[in-house]
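Below you'll find the structure, written out as structure tokens, and then a few comments.
We did not get these values from a lab; they are worked out from the coordinates using the rules stated. On a predicted model such as this, the values are computed, not experimentally measured, just so you know. Don't worry about glycine lacking a Cβ; one is built from the backbone with ideal geometry, like all the others, and counts go over all protein chains shown.
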Amino acid sequence: MTLQDILIATAKIVAFVGLVLPMIAYSVVAERRISAAIQDRIGPNRVGPFGLLQPLADGLKFLLKEDFTPNYVRKAYFWMAPALTMIPSFVVFAVIPFGSSLFGEKMVIADLNVGILFTFAIVSLSVYGIVLAGYASNSKYPFLGGIRSSAQMISYEIAMGMSVIPVFMLTSDPQFYATGLSEAWTTFLAGTADLNLSRIIAYQSGSLFDWMIFKQPLAFLIFLVAAFAETNRLPFDLPESETELVAGYHTEYSSMKFALFFLGEYAAMIAASALMVVLFLGGWTLPFWGLDEPASNLFTGLLHIAIFIGKLGIFMVFFIWIRWTLPRFRYDQLMNLGWKRFLPLALANIIVTAVWLWFRS
Amino acid sequence: MAETTTKDSSQAVQPQVEMVRIKINGMEVEVPKTQPDPITGKPVPTTMIQACAMHGVDVPHYCYHPKLPVAGNCRMCLVEFGMPAVDRNRQPVLNDDGSPKINKMPRPAIACATAIAPNMEIYADSDGSKEMRKAVLEFLLINHPLDCPICDQAGECKLQEYSYEYGQAESRFVEAKVHKPKQVDLGPRIMLDDERCILCSRCIRFTRDIAGDDALGFFNRGSYNTLGAYPGKSFDNNYTLNTVDICPVGALTSKDFRFRMRAWFLKETDSVCNSCGTGCNTIVSSREEVIYRQEPRENDAVNSSWMCDHGRLNYKWQASDTRLDAVSARRGDVREVIDWPRVVDELSGKLQSFAPGEVAFIASGQMTTEEIFLFRRLAEKFGGLRESFPNVGEGDHLLVSADKDPNTNGLFITGFTPAGEQGRNFQSIQDGIRNGSIKALFVIREDLIARGMDAGLLEDLQLLVVSDIHRTPTTDAAHYILPGCAHFEKRGTFINVKGRLQKFMKAVEGPGASRPEWEFLHELVHQTTGQNGFSTIEGLFNQMAGEIPALAGVTWASIGDTGRSVELPGA
Amino acid sequence: MIVERKELSFLEKTYLPGIAQGIKITARHFFDTVSGRKKVTMQYPEEKWTVPEGYRGAPYLVKDQEGRTKCVSCQLCEFICPPKAIKITPPGPEVRDELGGVEKGPEDFEINMLRCIFCGLCQEVCPEEAIFLMKDYSLTGQSREEMIYHKDKLLELGGVHNDTIMKWKKKDEEARQQASFH
């Protein structure tokens, strides 16, 4: 790896973080404004024009609040937990292709050929932050929250992992890459392997109905629901569940440490949305106006990034919308759904897809 | 104020008195035929209202008062009644079953002035009786200003109470009311509102027959009939404020209490007056740790229902600026505020460093019996001279005693100072200080400089401990100041000049760090002698009663609300 | 009582129709609010509501049309006040002329607005119609002391209440007419 590579990667990281952090901040504002509208209220509209500076005020509040550590907690783990929640959500972004290319550089921080495996590996880590918070707080509600969280995350990770297998079964079609691609795509995909996320985008770029959401609707549904569970969003926010567990795993947290949990949740939402955009919604492509190919100039490059963010925004709004629509599942219902419904369905989906592929070949 | 005749006084004359059977509200009861006259004490026929009161039937009344002669002018106690019928030969008419036939009397009678007769039936709660009360009240209210919002009596006003119970809601009187003088300055302590007066004449009878100062009377006639002091006479005897107590309405008001606080806010605490040796029973009314007034509490063995104006108004020192509110120690010329545990520690250490006889103890008749008892223990431990001073002033024919200390007999009965020997050791103590045989002095509630001791002599002492409630020249000279509590601020007992042992309750908190004397005396006794004692006043009293022959068998609980008589030493 | 649980159809068991129904409802509310078609909130400090008649706001003292403080310091409101927000200092025994024929008026009248629960019992119990719950609802201050309103402030905020009876004045006039009898 040359110095140039490192500099370019650093620049990408800085740019990406510079992009994602405001997105996290504004998704909080969006959450508050949308929830307000759903509940016939107005929401925060006092700080700045239309309340757009609200994140600044919130951030300032979090920074200035007393950072209180109760004296009975296990201090090291207690301090570690918020970071452990935040970091995996960010690391996932490393392999997400959020645009085609700018100045000849691929818009992905680490163009791994095992992209999806990396993603799942990292996502599995985020459970540790919450479990650790529950354990380190040394208090009954956080403990219950932590336990719930571990069970929930492990259960849904399996369904989630199973659900994407058909997608890759479809996309790892060597014939398609040999014949069905334009020259731009071929150059773009040079040196990539089957599990590279850019390949999936390429596979979906042809037409609207090449999008996996249409080709694998069941996989999409399972992945979507599992994403809700993995990010602890309503209707699956059992680790937090205010009504039963006060605030669940972060009951004992305050100030910036609490903010890390809070922002970590939104970062995870963005990561999950980004993954869904790539896997099921054709990534940064649109099947018309020539936007289905890697960019050849700066304008198209930026447009691709905008398309990606736009698609991502749809998912974010959907996340928020669902939260203010559905009530929380009961714990046994959650387990039922994960193990008895989604896991068999995902397995069946794999078999059906395999049979179809065999039949077609 | 309670107006029922106490059973004690009626039972005292009962053995010789013939009992009469009558019926009250259909209930067959026996009542004595005669009762002692409230003024002369001679037996007079029992009245219907007394008979009713004895059996718990309340007959509304204004002018009647059990401790005053009967006037019978308010008509509020009108009741229907029945008498046994007699035929033309004056023989009783009998019913078919042989019981005497009762004829309901055609006209009602005032219960306060009608004597009972055998087989009489009193219908105190009949519809007719109630109707009469309603009518009487309507008359009484014709010229009444109905200014309850600004009337001090509101809340303890018989006019309000009976109006509520028996009266009618609306007045039918549409003419202009008669207006009489308001804010009449009747005497130095009394303000009169003639409009509110219902002309019951209780005040006139009290001041004429009880206080012996015939100063009040009615003037003018009919609707213009008003109460007033006789021309040239001032209503200024020492018992005027009792008329405020017995006034059933708000006509007579105390200038001291007027417009200060509403009666319903006041917490009432049973207490005993400390202004003289009589020890009148009192009710101390306070709100939020502020004392607003003192009223007599009925006790026929001591003060009947009365008390003197001087004693009644003698409570303001409790909240004065000169009250001591901090424990302090003088080290050289510097006075340091310290806390109670430390002062008890230091004091018990220092007291024990003196040889027997080097410490003298001076007590006061203002201390409670329990405190004197503990103080004597302390004095016995150090074997020093003991002293207390007589406090003699002027007495009168009614309640005021010449002894101005409330507990002189407490000093005698505990043996702190033998009876008749007050003031005898003072000279020896002064001589002792001068020749160095007395090195320390422990003084409670006495100002030695005011008693004539040379201030320089106090300087010679190695240790001067003074407990008082007010700042005095003696406390200024003290090495240790122990702020005590006034009798309003603690519990305890006094023994009055006649040997009546009476307890009083705590009405308000003492200022700052002040503490009841018996508490710190108990701790000092405990630390210097090693003897265990009681940290409650009940336990302490019972312990004391067990050690003093005159109090044998008396317990704190058995003292009761009105006290009990004990045998005085040498009596 | 046994409640029969309805057997769910296959579609209902997938939860999907239910979820769609919920999304529809929240979406309707969302668009109603965003488009401004339905409005239930108010931009408070800028927009203010019309306080209805009979509203129980802050209790203030009133004067009558002749400028006399109507309160006679009977302390009934102090007695009835459930949170003990009222404290009246009675005038004491000195005879005062400035009260306009009434012997008694408050030396001081304190209402602790932090304690007040705006129940209106003081108004109900007042025999002189001297205290009223007015329409003020937004009481603020920088300190606890500032939130204890004293007599002067209460009278200033309360203003004038038109007294149609003028009880004390009538009484006084009646007494003057009869003065010749004394």
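Among A:179, A:300, A:325, which one shows the highest mean-square fluctuation when chain A is modelled as a Gaussian network with alpha-carbon springs under 10 Å?
Result: A:179 has the largest fluctuation of those listed.
Mean separation of Cα pairs under 8 Å and 6+ residues apart, divided by the residue count of region B:148-319: what relative contact order is that in percent?
20
Where Lys and Arg each count +1 and Asp and Glu each count -1, what net charge lies around residue B:212 among other residues with Cβ under 14 Å from its Cβ?
Taking every other residue near residue B:212 into account, the sum is -2.
What list of ³J(HN,Hα) couplings, whole Hz, do you get for region C:52-58 from phi and the Karplus terms 6.51, -1.76, 1.60, once you set θ to phi - 60° and write x for glycine and proline?
x, 4, x, 5, 9, x, 6
What FRET efficiency comes out for the pair residue C:153/residue C:80, r = Cβ-Cβ distance, R0 = 22 Å, nearest 0.05?
Between residue C:153 and residue C:80 the formula returns 0.50.
Could you give the nm distance between label points at residue C:66 and residue A:318, where each point is 7 Å from its Cα heading toward the beta carbon?
Between residue C:66 and residue A:318, the simple spin-label model gives 8.0 nm.
For a quick check, take a GNM of chain A with Cα springs below 10 Å and name the residue from A:61, A:106, A:311 with the largest mean-square fluctuation.
Checking each option, the largest mean-square fluctuation is seen for A:61.
Would you order B:123, A:72 from fewest to most other beta-carbon atoms within 10 Å of each residue's own beta-carbon?
Ordered by Cβ neighbours within 10 Å, fewest first: A:72, B:123.
Report P(r) for region B:9-140: all Cα-Cα distances, bin width 5 Å, range 0 to the bin holding the largest distance, values in whole percent.
2, 10, 19, 21, 19, 14, 9, 4, 1, 0
Of A:43, A:7, A:78, which is farthest on the positive side of the dipole of region A:1-96, counting Cα position, with +1 on Lys and Arg Cβ, -1 on Asp and Glu Cβ, and the Cα centre as origin?
A:43
Return B:120, B:48 ranked ascending by Cβ neighbour count within 10 Å, so the fewest neighbours appear first.
Least to most surrounded, the residues fall as B:120, B:48.
Calculate the dipole size of region B:148-319 relative to its Cα centre from +1 charges on Lys and Arg beta carbons and -1 charges on Asp and Glu beta carbons; express the result in debye to the nearest 20.
With only Lys, Arg, Asp and Glu charged at Cβ, the dipole is about 400 debye.
Tabulate in residue order the Karplus-calculated ³J(HN,Hα) for region C:102-111, using 6.51 cos²θ - 1.76 cosθ + 1.60 with θ = phi - 60°, rounded to whole Hz; enter x for Gly and Pro.
Working through the residues one at a time gives 9, 6, 9, x, x, 6, 8, 9, 10, 10 Hz.
Percent antiparallel among DSSP beta bridges with both residues in chain B, to the nearest 5?
Antiparallel bridges: around 75 percent, rounded to the nearest 5.
Would you pull out the residues with amide H under 5 Å of residue B:470's amide H, same chain only if 5 or more places away, H placed 1.01 Å from N?
Close amide H contacts, sequence-distant or interchain: B:324.
For chain A, with a Gaussian network of springs between Cα atoms less than 10 Å apart, report the residue from A:183, A:31, A:157 with the top mean-square fluctuation.
A:183
If you add up the charges near residue B:73, with Lys and Arg at +1 and Asp and Glu at -1, over every other residue whose beta carbon is less than 13 angstrom from its beta carbon, what do you get?
My count for the surroundings of residue B:73 gives +3.
Region C:47-100 to region B:221-237: how many Å between their Cα centroids?
The two parts, judged by their Cα centres, are 37 Å apart.
Quick one: which residues, 5+ away or cross-chain, put their amide H under 5 Å from the amide H of residue B:190? H built at 1.01 Å from N.
B:255
Please list, in order along region A:196-210, the HN-Hα scalar couplings obtained from phi with the Karplus expression 6.51 cos²θ - 1.76 cosθ + 1.60 (θ = phi - 60°), rounded to whole Hz, x for Gly and Pro.
The phi angles translate into 6, 5, 5, 4, 5, 5, 4, 5, 8, 6, x, 9, 4, 7, 7 Hz.
Projected area of the protein assembly as shown, taken from the Cα convex hull and averaged over every viewing direction, in nm²?
73.6
Just to verify a number: FRET efficiency for residue C:162 and residue B:287, C-beta to C-beta distance, R0 = 35 Å, to 0.05?
0.50
Rounded to whole Å, give me the distance from the Cα center of region C:125-174 to that of region A:8-65.
For region C:125-174 versus region A:8-65, the Cα centre distance is 49 Å.
When a footprinting reagent is the concern and you count Cβ atoms within 10 Å, what order do B:523, B:175 take, fewest first?
Arranged by neighbour count, lowest to highest, B:523, B:175 become B:175, B:523.
Taking 8 Å as the Cα distance limit and 6 or more residues as the minimum spacing, I'd like the relative contact order of chain B as a percentage.
10
Just to verify a number: FRET efficiency for residue C:51 and residue B:336, C-beta to C-beta distance, R0 = 51 Å, to 0.05?
0.25
List every residue whose amide H lies under 5 Å from the amide H of residue B:34, counting only residues 5 or more places away in sequence or on a different chain, with H placed 1.01 Å from N in the peptide plane.
It is B:18, B:46, by chain and number.
Take the residue pairs A:215/A:311; B:23/B:134; B:381/B:404; B:180/C:104 and return only those whose Cα atoms are more than 20 Å apart.
With Cα atoms farther than 20 Å apart: B:23/B:134; B:381/B:404.
Against the longest alpha carbon principal axis of chain A, how many degrees, from 0 to 90 and to the nearest 10, is the axis of helix A:115-136 turned?
So the inclination is approximately 0 degrees.
May I ask for the longest run of chain B untouched by trypsin sites (Lys or Arg not before Pro) that are loop-located per DSSP and have at most 10 neighbouring C-beta atoms (other than their own) within 10 Å?
My reading of the result: B:222-571 is the longest stretch.
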